[in-house]
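Remarks on the structure that follows.
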Amino acid sequence: MARTALVTGGSRGIGAAISKALQNEGYTVAATYAGNDEAAAKFTEETGIKTYKWNAADYDASKEGIAKVEAELGPIDVVVANAGITRDAPFHKMTPQQWKEVVDTNLTGVFNTVHPVWPGMRERGFGRIVVISSINGQKGQFGQVNYAATKAGDLGIVKSLAQEGAAKGITANAICPGYIATDMVMAVPEKVREAIIGQIPTGRLGEPEEIARCVVFLASDDAGFVNGSTITANGGQFFV
Ligand SMILES: NC(=O)c1ccc[n+]([C@@H]2O[C@H](COP(=O)([O-])OP(=O)(O)OC[C@H]3O[C@@H](n4cnc5c(N)ncnc54)[C@H](OP(=O)(O)O)[C@@H]3O)[C@@H](O)[C@H]2O)c1
């Protein structure tokens, strides 16, 4: 029977590429989103992938949503915690609200997404957790104290889950994309974007599909010995 994969923020950007790549590999995919109904409807129409709307920052909503997905599509074998936001500001101007929104979505959102599926994975003796972190969680970034803190925290989550899940056939890994051509990066002023590209030895932004291919590998049976690791996909911009 086809395995089921849940991709949070799976209707746009990197998440959409991940959802499609997993579908191409034969997974039954559920893609979540936060509020952009139009993009989600278009995505479902184009791909046939079911979309589910809930806020990853809300534990009860996540638990309820995941129960619905499992009732409709079967037990979730693969979780890709991809939903993420930015609320950039230099630290002296960063508001507690900007801090909280980013922490709630990018860090607590990973807890909210993985925690409800974890008992089932343990019982069935198989699971794949992939968390989409960021280059800026590895190196920090001006204007992103909140974002960098959450993405570094995501690495702590996977390294700990890797140890807890290993004996039950569950792996947990992270991917740290560099700058990828999605709405999130295209929202950055063009001048700043050009400056960013100047820092990437490959000389271009990454494509969402390049991150999706990393997820396909980490989700596969072949990756069973890869646990607690971080795949860095950033065009050579930063070496860990
Ligand atoms: N783009 C990059 O260069 C880059 C680099 C490194 C890491 N990343 C990370 O990669 C991930 C995807 O980024 P992206 O550039 O593809 O983002 P994006 O184009 O802005 O898409 C974000 C997706 O996440 C969903 N989402 C946002 N907040 C959510 C919430 N609270 N609950 C549920 N879904 C939520 C959005 O839903 P709606 O459509 O409803 O808004 C959308 O589907 C993020 O974690 C980001 O931090 C991105």
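Can you tell me which residue is farthest from the ligand (Cβ to nearest atom) among those in segment 165-221 that are part of a strand (DSSP E or B) and small (G, A, S)? Quick ask: steps written out before the conclusion?
Step one: filter segment 165-221 for residues part of a strand (DSSP E or B), giving 170-177, 180, 206.
Within this subset, residues satisfying the condition of being small (G, A, S) are 172, 174, 206.
Numbers: A172: 16, A174: 10, G206: 7 Å.
Across segment 165-221, the extreme among qualifying residues is A172.
Those residues that are near the ligand (Cβ under 7 Å from one of its atoms) and assigned to a helix (DSSP H, G or I), I need them from segment 34-67; list them, please.
Scanning segment 34-67 gives A39, A40.
Every residue in segment 108-147 that is aliphatic (A, V, I, L, M), over 18 Å from L6 (Cα atoms) and more than 18 Å from the chain's Cα centre (by Cα), please. Let's see the steps before the verdict.
Just the residues of segment 108-147 that are aliphatic (A, V, I, L, M), to begin with: 110, 114, 117, 121, 129-132, 135, 145.
Next, only the ones that are over 18 Å from L6 (Cα atoms) stay: 135, 145.
Across segment 108-147, the qualifying residue is only V145.
Out of the residues in segment 3-22 that are assigned to a loop (DSSP other than H, G, I, E, B), farther than 14 Å from E209 by Cα and not small (G, A, S), state the one that is nearest to the ligand (Cβ to nearest atom).
T8
In the set G109, G84, which member is crowded, with 20+ Cβ neighbours inside 10 Å, within 15 Å of the ligand (Cβ to nearest atom) and not in a helix (DSSP H, G or I)? Give the steps one after another, and end with the answer.
Values: G109 fails: not in a helix (DSSP H, G or I).
Of G109, G84, the one residue that is crowded, with 20+ Cβ neighbours inside 10 Å, within 15 Å of the ligand (Cβ to nearest atom) and not in a helix (DSSP H, G or I) is G84.
Please go through segment 87-106 and pick out each residue that is polar (S, T, N, Q) and either touching an Asp or Glu at 6+ places or on another chain (Cβ under 7 Å) or within 15 Å of the ligand (Cβ to nearest atom) (or both).
Kept after step one, since they are polar (S, T, N, Q), are these residues of segment 87-106: 95, 97-98, 105-106.
Within segment 87-106, Q97, Q98, T105, N106 meet the criteria.
Starting from residues that are among the small types (G, A, S) and closer than 16 Å to P75 by Cα, keep the ones in segment 26-43 and report whichever is surrounded by the most Cβ atoms within 10 Å (Cβ to Cβ).
A31
Looking only at segment 135-156, decide whether some residue is over 18 Å from G9 (Cβ atoms), touching a helix residue (DSSP H, G or I) at 6+ places or on another chain (Cβ under 9 Å), modelled with pLDDT under 95 and assigned to a helix (DSSP H, G or I).
no
The values are calculated or read from the model by the stated rules, or taken from the named source; none is laboratory data. It should be emphasised that the depicted structure is a prediction, and the values quoted were computed from it without experimental measurement. Every residue, glycine among them, receives a Cβ derived from its backbone with ideal geometry; neighbour counts consider all protein chains shown.
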